[in-house]
1. Counting other beta carbons within 10 Å of each Cβ, put M484, M455 in order, fewest first.
2. Using the Cβ atoms and a cut-off under 14 Å, what net charge is assigned to the surroundings of H495, where Lys and Arg are +1 and Asp and Glu are -1?
3. Putting +1 on Lys and Arg Cβ atoms and -1 on Asp and Glu Cβ atoms, find which of N499, S510, H72 reaches farthest to the positive end of the dipole of the chain.
4. With point charges of +1 on the Cβ of Lys and Arg and -1 on the Cβ of Asp and Glu, referenced to the Cα centre of the chain, which listed residue (V332, Y314, M202) lies farthest in the positive direction of the dipole?
5. Under a plain spin-label model, where a point goes 7 Å from the Cα along Cα-to-Cβ, how far apart in nm are K111 and H306?
6. Can you pull the three principal axis extents for the Cα set of the chain, in Å, largest first?
7. Taking the Cα centre of the chain as the origin, how large is its charge dipole in debye, to the nearest 20, when only Lys and Arg (+1) and Asp and Glu (-1) carry charge on their Cβ atoms?
8. What number results when the radius of gyration of the range 267-384, computed over Cα atoms, is divided by 2.2 N^0.38 Å?
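Every number in this text was worked out from the coordinates using simple rules, so none of it is lab data. Keep in mind that this is a model prediction, so the values were computed, not measured. Neighbour counts are summed over all protein chains in view; Cβ atoms, including those assigned to glycine, are modelled from backbone coordinates with ideal geometry.
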Amino acid sequence: MSDSNLFDKIVSHAKEYGFVFPSSDIYGGLAAVYDYGQNGVELRNNLRQFWYLSMTRLNQNIVGLDSSIFMHPRIWKASGHVDGFNDPMIDNKDSKKRYRADVLIEDHQEKIRQKIEKEIEKAAKRFGDTFDASMYRTTNPRVMEYQAKIDRMDQILKEGLESGNLNVIKDLIEKEGIVCPISGSKNWTEVRQFNLMYSTQMNALDGGDDALYLRPETAQGIFVNYLNVQKTGRMKLPFGIAQTGKAFRNEIVARQFIMRMKEFEQMEMQFFCKPGTELEWYNYWKEQRMRWHKALGIPKTKYRFHDHIKLAHYANAAVDIEFDFPFGFKEVEGIHSRTDFDLGRHEEFSGKKLRYFDPETNESFIPYVVETSIGLDRLFLLVLSNAFQEESVDGDTRTVLKLHPAIAPVKCAILPLVKKDGLPELAEKIYEDLRFDFNVFIEDKDSIGKRYRRMDAIGTPFCVTVDHDSLNDHMVTIRHRDTMQQERVSISALHDILNKETSMSSLLKSI
Ligand code: GAP
């Protein structure tokens, strides 16, 4: 199956099984806005909870916050978003489609990267066991030439973005012969910058000077509450503030389903520390966040770090965690060492001192900040892409979501074998006992095989079948989603089994 086929399948599966619907579906949808259905909301809540608890419960010095979406407009001036939160855009004159110029270049680089991987695969087959891939990368002339080309493009893109000379980016697109994916032509406009913030009015009747922005990131809500939390929580450096919440960006080029949305959710943590210690904490959080991802049972080969080629002027280190989506490696999370830029600017713009007084040294200073920032929707797509599998079983295809049990929307389905003889009643009793601690589902429609398949398709890790013997021996058959193996267990053991296999606490312990 080609990767684009696989991606199409994942998107239709998400709709068919109640994970993600286009927003305003019956009105024809709204570009780049999505709703989460009955299974999507459970999976998303579980992912959010996994992130939030890992930050706050597992770290004595990290606390939560829920700041509002509307904030004082000067915040966005201070943060630099009013003047600098832009994307370099380019239009194709034939298709009239607009693209992010840097993304066109990155996609082109990815194609070259794939050529490198193909060369390496071919060589590995040719040389067999003795093959050393890393040596090949640094000695094979063709691979080295491809890599040099990628590096050159990085350099030009970086220079163009940093200097604001967007002509060099257009020249690069032309020189590389990058074509519009729709029209196939190279008939491009100039590259221009577009601001991504949505604005609205505080008072509908007023003129224009009460313009408000819908927040484009949750981080600023944390910065402006830094002092409130530090003082009321008597927090000592280093400490962190974590929050999850909606953010809005006018993404002109919305692409790839929930990968790039206009309304999305972020999970961000700002870690305040002493100046001079920030790079130590940056490395700590880089490793820590990768461990968190791997705890979800996703192979490490599907992740990579990607250092930012364009460091914001206030950052002294920044890296993305990228995931191998069906359309290639793309950013899912950013870890940024933001120095004292944000607090410093808010001090300047608000006129309020945002210093930390260190009782050990009797000094006061603006703390430095390391942030971790991940998109919940992008994480959702990541786990869905990783979990989606089609397997041949007895001449049939079973579609299964191999989600980590702790994040699966439904933990266990209770299935009476037939709709009579007291089996539905016993199933109901089991359901009633389990529902306080687990999201359980009960169903007596259709054959047991069809019911298993439906549960596989939404990633339910366990199915419990209640049969006639259950009435006498108080045992049921439990079926494991991934192996499809079945075993007979006592009804009274179900709670412990589900607790051991599906609880959030075991997932948290595995980080
Ligand atoms: N406070 C830092 C910040 O906002 P960012 O790299 O712009 O950094 C962080 O965003 C994360 O938010 C990204 O890694 C991505 O997962 C998510 N994200 C950003 N824009 C998004 C969009 N339009 N749709 C979905 N997720 C998005």
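1. Fewest-to-most Cβ neighbours within 10 Å comes out as M484, M455.
2. In short, -1.
3. The one lying farthest along the dipole's positive direction is H72.
4. The Cα lying farthest towards the positive end belongs to Y314.
5. Going by the 7 Å Cα→Cβ label model, 1.7 nm.
6. Principal axes ranked by extent give 77, 63, 57 Å for the Cα atoms.
7. Computed charge dipole of the chain: roughly 500 debye.
8. For the range 267-384, the normalised Cα radius of gyration is 1.22.
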